[in-house]
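Here is the structure we will look at, set down as structure tokens.
The values are calculated or read from the model by the stated rules, or taken from the named source; none is laboratory data. None of these values were measured; they are calculated from a predicted model. Note that we place each Cβ from the backbone using ideal geometry, even for glycine, and neighbour counts take in every protein chain shown.
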Amino acid sequence: MPSTPRVAVLSGFGINCETETMAVFEMAGASAHRVHVNRLVSGEESLSDYDIMAIPGGFSFGDHLGSGRLLGNRLRFGLRDQVRAFVQSGKPVIGICNGFQVLVKMGLLPGDEEVSLTQTASLAPNDSGHYEDRWVTLEFDQSSPCIWTRGIDRIRVPVRHGEGKFVTDDRALLDKWKENGQLAVRYADPSTDYPNLSEKVLPYPISPNQSWMNIAGVCDPSGLVFGLMPHPEANHSTWLGATWTREDIEHGEGEGMAIFRNAVEFSRGTGPT
């Protein structure tokens with residue numbers, strides 16, 4: 001296991017959150033590298049040289065044909081074998097916001113044991129009919145196999161998206177993902193006690209997009225691949241929090257950092273397996 005995991009943070013085609021995504025992995029003890037998607041497709045670089053892959057937020061390909069659709073196809077067909085081998089070798093993957101949309105639309109999430117890259121869900125336009133830019137409370141399923149979310153109960157992070165409503169055309173799959181613990185993170189009412197993984201859609205704006213079952217993020221069956229609509233990298237320090245000046249807390253690490261530390265520790269072999 002590497003003492004300093006190497007993280008491939010994808011860039012190019014309208015991705016615009018790679019700098020802060022690299023920063024949080026560096027803060028968590030990894031070595032982060034900006035890797036243009038074309039360099040992987042052309043063979044100039046290989047995913048196998050990295051220990052973690054991150055697909056940051058942004059507006060890849062200008063959200064043409066739907067958020068994440070074109071970059072998802074680029075990875076699904078241009079990097080199919082590399083992505084499958086990366087996951088099957090036991091290496092973590094994260095997609096944040098547009099990156100989550102990419103992973104869902106390329107079929108890596110919620111995914112299956114065969115890593116077949118078959119799309120089974122989507123991120124539809126928010127019920128509000130507009131772009132949502134606000135802080136939300138997230139609640140994590142402690143029974144989930146997700147290696148990214150271990151030991152986390154609730155955190156506060158911002159959302160910044162127009163298409164974040166998690167849906168599927170197969171309700172049976174939704175039940176399967178729930179039973180498998182793949183519905184790793186949901187929007188939560190901060191006035192309630194943890195745990196309160198509500199399946200009834202919470203009122204707007206607590207659930208900013210009205211996702212089915214308040215789903216904010218999911219993992220694949222292995223727990224290695226994780227995606228979420230909110231931005232944990234945007235709360236890496238307490239002073240980035242929306243209410244930190246009103247709270248009796250000292251400046252330090254933000255609530256979102258636990259997600260990235262989990263992955264780095266896993267890659268080092270120092271976290272739970």
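Observations
- Residue match in the stretch 201-212 (condition: under 26 Å from GLY129 (Cβ atoms) and in a strand (DSSP E or B)): no
- Residues that are in contact with a helix residue (DSSP H, G or I) (Cβ under 6 Å, 6 or more places away or on another chain) and part of a helix (DSSP H, G or I), drawn from the stretch 253-273: ILE259, PHE260
- Restricting the first member to the stretch 219-241 and to residues that are touching a residue at least 40 places away in the same chain (Cβ under 8 Å) and small (Gly, Ala, Ser), and the second to residues that are in a loop (DSSP other than H, G, I, E, B) and buried (at least 20 other Cβ atoms within 10 Å of the Cβ), the beta-carbon pairs closer than 6 Å and six or more apart or on different chains are GLY223/CYS146; GLY223/ILE147; GLY227/LEU109.
- Residue check for GLY111: surrounded by 24 or more Cβ atoms within 10 Å (Cβ to Cβ), touching a Ser or Thr at 6+ places or on another chain (Cβ under 9 Å), at pLDDT below 95 and of a type in the set (Gly, Ala, Ser): no
- Scanning the stretch 193-226 for residues that are hydroxyl-bearing (Ser, Thr, Tyr) and either modelled with pLDDT of 95 or more or surrounded by 20 or more Cβ atoms within 10 Å (Cβ to Cβ) (or both) yields TYR204, SER207, SER211, SER222.
- Within the stretch 214-252, tally of residues that are over 20 Å from GLY107 (Cα atoms) and not in a loop (DSSP other than H, G, I, E, B): 12
- Note on the stretch 147-176: residues that are of a type outside the set (D, E, K, R), within 26 Å of TYR204 (Cβ to Cβ) and part of a loop (DSSP other than H, G, I, E, B) total 5.
- Residue within the stretch 133-149 that is of a type in the set (A, V, I, L, M, F, W, C), surrounded by fewer than 21 Cβ atoms within 10 Å (Cβ to Cβ) and within 27 Å of SER237 (Cα to Cα) present: yes
- Every residue from the stretch 237-257 that is out of contact with any Gly (no Cβ under 7 Å at 6 or more places or on another chain), under 19 Å from GLU26 (Cβ atoms) and not charged (D, E, K, R): TRP239, HIS251, GLY252, GLY256, MET257
- Residue check, LEU224 touching a Leu at 6+ places or on another chain (Cβ under 9 Å) and closer than 24 Å to GLY72 by Cβ: no
- Scoring PHE260 on the criteria (1) buried (at least 22 other Cβ atoms within 10 Å of the Cβ); (2) over 18 Å from PRO56 (Cβ atoms); (3) aromatic (Phe, Trp, Tyr) leaves a single failure, condition (2).
- Verdict on GLY181 being touching an Asp or Glu at 6+ places or on another chain (Cβ under 9 Å), in a loop (DSSP other than H, G, I, E, B) and either on the phi > 0 side of the Ramachandran plot or free of Cβ contacts under 8 Å to residues at least 40 places away in the same chain (or both): yes
- In the stretch 227-252, the residues that are out of contact with any helix residue (DSSP H, G or I) (no Cβ under 7 Å at 6 or more places or on another chain), of a type outside the set (Val, Ile, Thr) and surrounded by fewer than 19 Cβ atoms within 10 Å (Cβ to Cβ): SER237, TRP239, ALA242, ARG246, GLU247, ASP248, GLU250
- The strands (runs of 3 or more DSSP E) found wholly in the stretch 1-103 and carrying at least 3 residues that are surrounded by fewer than 21 Cβ atoms within 10 Å (Cβ to Cβ) and out of contact with any Asp or Glu (no Cβ under 8 Å at 6 or more places or on another chain) occupy 31-36.
- Failed criterion for TYR194 (all others in (1) assigned to a strand (DSSP E or B); (2) free of Cβ contacts under 8 Å to residues at least 60 places away in the same chain; (3) not charged (D, E, K, R) hold): (1)
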